[in-house]
Ligand code: ADP
Ligand code: MG
């Protein structure tokens, strides 16, 4: 692996996030409660858990665009206290600027930092890396969902993030595009050595991609279990060992109905 991004170790210690500012008169929402998680430099970690359990909240805290109400988050030993290009965020919705070409969209971060002139070549390089060479002059509405998501990836990668935070980035794509982009993501990860924190609802996706799968409880989210996926890559989606991991995760999420109690708990 050619490691081009130095660092990328995340330490999450006793992190809680309580939302007090409810306008509907409801009581406060405890989104996260005393979460502890250490992520190695260059590790690929997936977060999986029921909807509303605090996965996006945790990503936002790592990104530095939200602050914990308790505990502390660190990147390479330094407290995370604001947003920084070293922590790139990619959402389910690619959120490209519709009035900008793909090239200009990808160049956004470098332009904002005032370094576009000297680093122009990198925009081309990352467009090529995500497989969009030839589409530089296209506008977002001219791209398929998968291509737009590739552009969003390139836009985050051009800042050389130490950490890439991905919030269900492939959730809106059809199954074939999704599997194809999973492979692209692994290739980029191997090439760049970026730490990946990947939120997904898709258990197969988590097993296919991750070094570790972190299973979260329903709200208030705690870490229920961390499962190391000890399978060589490329992984075979239909192998017995793949299914074993899949079953373990299903069981941990309590999505396996018990006899006499056929309803899913989550
Ligand atoms: P997930 O990504 O796991 O589906 P979220 O992290 O988005 O869950 O949300 C966790 C909980 O925190 C939810 O109950 C949600 O309604 C609540 N929440 C998230 N953001 C806010 C906010 N800005 N204000 C109030 N409540 C919020
Ligand atoms: Mg979410």
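Since every read-out is calculated from the coordinates, none of them should be taken as a lab result. Given the structure is predicted, the values throughout are model-derived calculations rather than measurements. Note that we place each Cβ from the backbone using ideal geometry, even for glycine, and neighbour counts take in every protein chain shown.
Assorted remarks:
- Over the C-alpha atoms of segment 102-176, the Rg to Rh ratio, Rh being the Kirkwood estimate, stands at 0.97.
- Packing, as the average of other Cβ atoms within 10 Å across residues, places the peptides 236-243, 36-43 in the order 36-43, 236-243, highest first.
- For the chain, the fraction of alpha-carbon pairs in successive 10 Å shells from zero, as %: 7, 28, 34, 23, 7, 1, 0
- Using alpha carbons only: equivalent-ellipsoid semi-axes of segment 64-158, gyration tensor based, whole Å: 28, 16, 11
- Packing order of peptides 122-128, 169-175, highest average first: 122-128, 169-175 (average count of other Cβ atoms within 10 Å over each peptide's residues).
- Linear extension gain, residue 30 paired with residue 119, 0.36 nm per residue minus alpha-carbon span: 27.7 nm
- Just so you know, the Rg over Rh for segment 1-133 is 1.02, from Cα atoms, with Rh as the Kirkwood radius.
- Helix-only mean residue ellipticity at 222 nm for the chain, each DSSP H run of n ≥ 4 adding -39500 (n - 2.57), per residue, nearest 500: -10000 deg cm²/dmol
- Segment 10-156: relative contact order in percent, alpha carbon pairs under 8 Å with at least 6 residues between: 22 percent
- For segment 156-196, alpha-carbon Rg relative to the globular expectation (2.2 N^0.38 Å, N residues): 1.20
- Here each label is just a point 7 Å from Cα along the line to Cβ, and for residue 224 and residue 251 those points are 1.3 nm apart.
- Scaled radius of gyration (Cα, divided by 2.2 N^0.38 Å) that segment 115-228 gives: 1.18
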